[in-house]
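Q: Sharing a structure here in structure tokens format.
Nothing in this text is a laboratory measurement; each read-out follows from the coordinates by a stated rule. Keep in mind the model is a prediction, meaning the values are calculated, not measured. Using ideal geometry, Cβ is built from the backbone for each residue, glycine included, and neighbour counts are taken over all protein chains shown.
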Amino acid sequence: MEPSPRTATSNPPVAAVPANLGERDLVRRSASSVPSPERQLEPVAKLIDVSKCIGCKACQSACIEWNDTNPAIETNVGLYENPHDLTPDMFTLMRFAEWENPQTGNLEWLIRKDGCMHCADPGCLKACPAPGAIVQYSNGIVDFIHENCIGCGYCIKGCPFNIPRISKVDHTAYKCTLCSDRVAVGQGPACAKACPTHAITFGTKEDMKKLADSRIEDLKSRGFENAGLYDPPGVGGTHVMYVLHHNDQPEIYSGLPKDPRVSPVVNAWKGVAKYIGFAAMGLAAAAGVLHSALTGPNRVTREDEEKAEDLVKEKT
Amino acid sequence: MATTSIEKEDAIHPGKPVVVDRYNLAARINHWITALSLILLALSGLAFFHPSLFFLTGLFGGGQEARAFHPWIGVLLFFSFTGLFIRFWRANLPEKADRQWLAHAGDMIKGDEEKVPEVGRYNPIQKVNFWLMSLLIVALIITGIAIWDQYFYDWTTIPQKRVAVLLHSLAAVALICIWILHVYAAIWARGTLRAMTRGSVTGGWAWRHHRLWLKELADRHRTKKPAAPAE
């Protein structure tokens with residue numbers, strides 16, 4: 001078996017290597033099915049240790065650099081976020097929250113690197129109507145394939161984290177790719193590579209969980225008793241995970257959802273509504289066919305015409 | 001007395017057979033624009049509704065094109081249907097007599113139309129069809145705008161968009177079902193289609209299906225000279 005494309009090493013290969021992540025590694029493909037893959041890649045994950053983040057935005061710069069995007073230059077409105085939200089040209093965003101800890105009275109600056117969480121159960125993929133516009137690889141990466149995207153915005157409705165953005169330029173959806181193109185050749189994501197404090201690390205999900213455990217232990221020993229790993233089970237776990245010093249209240253990190261899951265409304269729309277819809281339309285058509293077979297056409301008779309002629313003659 | 005039952009354009013042409021004008025040219029054009037846009041909306045909408053129907057986007061030039069055209073066709077349908085609504089809402093107001101007719105709706109469906117009370121320009125099933133279509137089209141345009149991200153993204157929150165897209169699909173399914181029954185009924189009652197093509201029906205058709213309407217027209221002497229025979 002070929003080695004799984006992944007890296008957690010500080011010195012990944014520098015020689016050109018062929019891409020080792022492709023169609024054959026798909027486990028899910030939107031609005032279509034894929035044959036079960038012959039190999040199972042080792043699940044990867046990006047671990048974002050919020051407690052180590054200094055808010056320098058090197059990750060954003062690296063993301064822009066690697067993906068060759070050009071986020072618009074905006075106006076300073078007195079917030080640290082720059083740009084002010086995720087955009088089709090900004091796949092990751094440092095979100096800054098000032099939080100007063102009621103227990104200690106300390107003002108804590110909570111900086112969270114927002115972006116696609118690469119859910120194991122991706123709501124975007126579930127909602128997507130375009131065959132092959134959203135795919136999931138066996139290593140856990142969820143990717144948008146722009147040539148298949150129709151720009152409908154259903155992924156936005158499916159996503160529990162409010163991540164995808166539709167470009168007004170090419171009318172397709174954009175989000176973090178987890179640098180699938182870099183991972184395919186044994187490199188880590190650009191943001192992880194650029195992070196000066198190693199707040200962002202990348203490797204196998206197993207390794208990242210171990211790393212998180214050591215970090216959580218350290219945080220707990222320093223008084224953050226609720227420190228923990230954010231790997232929400234409601235979406236089957238994620239391939240982007242956070243170490244949070246206050247894992248009991250993720251909402252304080254600029255609205256990180258406490259128990260994210262694909263909305264039941266989306267599940268109803270993509271599940272039962274389809275069956276009801278086809279059944280109803282089928283029944284309506286069948287009712288017509290059956291009625292026609294049982295009663296035959298409703299024809300106007302010669303007698304009807306004569307009655308009408310008599311009526312008109314009588315009245316005029 | 002159902003004075004609302006007749007429209008301005010309705011008129012009897014005496015002769016053999018009697019011919020009765022039912023829809024003028026403007027009403028027919030209005031109807032067919034609505035019909036065409038509804039069909040295009042159903043085709044493009046169903047493509048987004050289920051993957052097995054995604055190929056229908058090919059009719060519009062591809063997924064991107066179907067996605068872009070669909071809401072605009074919806075706007076066309078909304079205004080076109082509004083035209084039909086303004087034309088026909090009075091004639092579709094419920095009347096007391098509709099109750100008795102509905103008690104005999106079973107006979108109508110069984111094809112025993114002789115047992116069914118006389119009725120005006122529209123029978124109660126047609127009226128229900130009219131009001132349901134009106135209601136569903138309003139629901140579709142409202143929920144449609146809520147999910148028309150290209151222009152109205154900021155008007156709604158994401159949870160609202162989720163509800164809107166679910167309601168939009170359910171309303172569309174209901175409208176397609178009603179549309180199927182509407183088309184079926186127009187074919188089943190032979191001689192109906194010409195009302196929306198040539199604009200007129202035969203006297204016998206009016207006598208059989210909408211006798212009060214015919215009687216009212218006759219009572220009011222709403223007659224026109226028969227068209228001069230071709231020489």
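Q: Per DSSP H run of n ≥ 4, the term is -39500 (n - 2.57); total these for chain A, divide by its residue number, and report the mean residue ellipticity at 222 nm rounded to 500 deg cm²/dmol.
A: It lands at -8500 deg cm²/dmol.
Q: Holding the Cα-Cα limit at 30 Å, pick out from A:Lys175/A:Lys220; B:Lys16/B:Lys115; A:Lys274/B:Lys110; A:Lys193/A:Lys220; A:Lys46/A:Lys258 the pairs that are longer than that.
A: Listed pairs above 30 Å: A:Lys175/A:Lys220; A:Lys274/B:Lys110.
Q: Mind checking the angle between helix A:302-315 and chain A's longest principal axis? C-alpha axes, 0 to 90 degrees, to the nearest 10.
A: 70
Q: Taking each pair of different alpha-carbon atoms in the protein assembly as shown once, compute 1/r for the pair, average those values, and report the inverse of that mean as the Kirkwood hydrodynamic radius in Å to one decimal.
A: 27.7
Q: When Cβ neighbours within 10 Å are restricted to other protein chains, what is their mean count per residue of peptide B:204-214?
A: 5
Q: Using only Cα atoms, tell me the angle between helix A:58-67 and the longest principal axis of chain A; keep it within 0 to 90° and round to the nearest 10.
A: 50
Q: Any of A:Lys168/B:Lys161; A:Lys209/A:Lys270; A:Lys307/B:Lys8; A:Lys126/A:Lys210 with alpha carbons more than 21 Å apart? Name them for me.
A: A:Lys209/A:Lys270; A:Lys307/B:Lys8; A:Lys126/A:Lys210
Q: For B:Lys224, which aspartates and glutamates qualify as cross-link partners when the Cα separation must be under 20 Å and same-chain residues fewer than eight apart are set aside?
A: A:Glu305, A:Glu306, A:Glu309, A:Asp310, A:Glu314, B:Glu7, B:Glu9, B:Asp10, B:Asp21, B:Glu216
Q: Can you give the FRET efficiency to the nearest 0.05 for A:Lys210 and B:Phe69, using r as the Cβ-Cβ distance and R₀ = 41 Å?
A: My answer for the efficiency is 0.20.
Q: Have a look at A:Thr295, A:Ile276, A:Gly255 and report the one farthest towards the positive end of the charge dipole of the stretch A:255-313, computed about the Cα centre with Cβ charges (Lys/Arg +1, Asp/Glu -1).
A: A:Gly255
Q: Can you give the average number of partner chain beta-carbon atoms within 10 Å of each beta-carbon in peptide A:127-134, as a whole number?
A: 3
Q: May I pose another question? Could you give the radius of gyration (one decimal) and Dmax (whole number) of the Cα atoms in the stretch A:271-315, in Å?
A: Rg, Dmax (Cα atoms, Å): 19.9, 62.
Q: Step by step: find N for chain B, compute 2.2 N^0.38 Å, then divide the Cα radius of gyration by it. What's the final number?
A: Cα Rg divided by the expected 2.2 N^0.38 Å: 1.18.
Q: Something else: Set the Förster distance to 60 Å, then compute FRET efficiency between A:Asn101 and B:Leu59 from the Cβ-Cβ distance, nearest 0.05.
A: The formula returns an efficiency of 0.50 here.
Q: From the residues B:Gly191, B:Leu43, B:Gln150, which one has its Cα farthest along the dipole of the protein assembly as shown in the positive direction, the dipole being from +1 and -1 charges on Cβ of Lys/Arg and Asp/Glu about the Cα centre?
A: B:Gly191
Q: Please list A:180-190, A:60-70 highest first by mean number of surrounding beta-carbon atoms within 10 Å per residue.
A: So the peptides A:180-190, A:60-70, ranked by packing, come out A:180-190, A:60-70.
Q: Among A:Ile134, A:Pro83, A:Ile166, which residue has its Cα furthest toward the positive end of the charge dipole of the stretch A:23-262, with +1 on Lys/Arg Cβ and -1 on Asp/Glu Cβ?
A: A:Ile134
Q: Here is a follow-up. If you wrap a convex hull around the alpha carbons of the stretch A:23-262, what volume per residue comes out, as a whole number of Å³?
A: 122
Q: Treating the beta-carbon of each Lys and Arg as +1 and of each Asp and Glu as -1, no other charges, what is the dipole magnitude of the stretch A:271-315 about its Cα centre, to the nearest 20 debye?
A: 380
Q: Continuing with this model, one more query. Using only the alpha-carbon atoms, how far is helix B:158-188 inclined from the longest principal axis of chain B? Give it as 0 to 90 degrees, nearest 10.
A: It works out to around 30 degrees.
Q: Divide the volume of the convex hull of the Cα atoms of the stretch A:143-278 by its number of residues and quote the answer in cubic angstrom per residue.
A: Dividing the Cα hull volume of the stretch A:143-278 by its residues yields 156 Å³.
Q: I've got another one for you. Quote the charge dipole size of the stretch A:49-198 about the Cα centre in Debye, to the nearest 20; the model charges only the Cβ of Lys and Arg (+1) and of Asp and Glu (-1).
A: 220
Q: Here's something else I'd like to know. What aspartates and glutamates sit close enough to A:Lys57 to cross-link, taking a C-alpha to C-alpha distance under 13 Å and skipping anything fewer than 8 places away on the same chain?
A: A:Glu65, A:Glu81, A:Asp114
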